[in-house]
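Engineer: What follows is a structure written as C-alpha cells; I'll ask about it next.
The values are calculated or read from the model by the stated rules, or taken from the named source; none is laboratory data. As the structure is a prediction and not an experimental result, all values here were calculated from the model. Cβ atoms come from the backbone with ideal geometry, glycine included; neighbour counts cover every protein chain shown. Quick note on the areas: whole protein, heavy atoms, side chains included, nothing else; ligands and nucleic acids left out. Shrake-Rupley method; radii C 1.70, N 1.55, O 1.52, S 1.80 Å.
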Amino acid sequence: MAEHSDLGFWGELVAIDYLKSKGYFVSHHDWRLGHRDLDIVAIDNSTKEIVFVEVKTRRDNLFSEPEDSIDADKIKNLKSAAAAYLRFYKITRNARFDIISIIGTTDEHHTLRHLIDAF
C-alpha cells in the first residue's frame, strides 16, 4: 500500500474514534458502490441526522489546509455517492456533509478539526 494510502487510512481511523467519542454511531467506513465511495457514514445521535464524513489527512499544512482539497467536483461526487447510499438503503432521514481535517502522523502528534455541515 502506498504511504499516502496508509496515512489516509490512519486518518479515517482517528476520525472514527473521534466521532464515537462524540456520541456518533458509525454505520459504514470506506463504503463503496461501483465507482462511488464515502469515507465514513455515521448517525449524529443528538440530531438523528445521517452524516456523510469526508476525511482529509495531511502530514502538515505548509501549502494548504487539508479541507482545501475538496473542490466543486469532489463535492458533486460526494453528493452523488450520498444519494446512491440513501437509495441503496432506502433511507429518508435528514442528511448532512461534514469534513474532518487531520494534520499529523501519529496518535500523539496530530490535530483534528471537525467542520459540521461543511457544504
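Engineer: Pairs, please: C-beta under 9 Å, at least 6 apart or cross-chain, first residue more than 23 Å from ASN94 (Cα to Cα) and assigned to a helix (DSSP H, G or I) and in segment 42-71, second of a type in the set (Lys, Arg) and at pLDDT 95 or above?
Structural biologist: Final answer for the pair search is PRO66/LYS56; PRO66/ARG113; GLU67/LYS56; GLU67/ARG113; ASP68/LYS56; SER69/LYS56.
Engineer: Considering only segment 85-107, how many residues are outside any strand (DSSP E or B) and buried (at least 17 other Cβ atoms within 10 Å of the Cβ)? So that I can check it myself, show each step before the final result.
Structural biologist: We begin by selecting, within segment 85-107, every residue outside any strand (DSSP E or B); these are 85-94, 105-107.
From the residues that got through so far, the ones that are buried (at least 17 other Cβ atoms within 10 Å of the Cβ) too are 85.
Counting residues in segment 85-107 that are outside any strand (DSSP E or B) and buried (at least 17 other Cβ atoms within 10 Å of the Cβ) gives 1.
Engineer: Could I ask something else about it? Check off (1) under 12 Å from VAL53 (Cβ atoms); (2) touching a helix residue (DSSP H, G or I) at 6+ places or on another chain (Cβ under 7 Å) for ASP117 and give me the number that stays unchecked.
Structural biologist: (2)
Engineer: Give just the number: which of (1) open to solvent by 30 Å² or more (accessible area, probe 1.4 Å); (2) within 21 Å of TRP10 (Cα to Cα); (3) part of a helix (DSSP H, G or I) does LEU78 not satisfy?
Structural biologist: (1)
Engineer: Shifting gears a bit: Checking ALA42 against (1) open to solvent by less than 60 Å² (accessible area, probe 1.4 Å); (2) more than 13 Å from PHE119 (Cβ to Cβ); (3) modelled with pLDDT under 95; (4) not aromatic (Phe, Trp, Tyr), which single condition isn't satisfied?
Structural biologist: (3)
Engineer: Shifting gears a bit: Let me spell it out: the conditions are (1) surrounded by fewer than 17 Cβ atoms within 10 Å (Cβ to Cβ); (2) of a type in the set (Lys, Arg); (3) under 15 Å from ASP39 (Cα atoms), and LYS56 meets all of them except one. Which number is the exception?
Structural biologist: For LYS56, the exception is condition (1).
Engineer: Give me the pairs, please: first residue somewhere in segment 13-32 and buried (at least 19 other Cβ atoms within 10 Å of the Cβ), second residue anywhere and small (Gly, Ala, Ser), beta-carbon distance under 6 Å, and either six or more positions apart or on two chains.
Structural biologist: LEU19/ALA42; TYR24/ALA42
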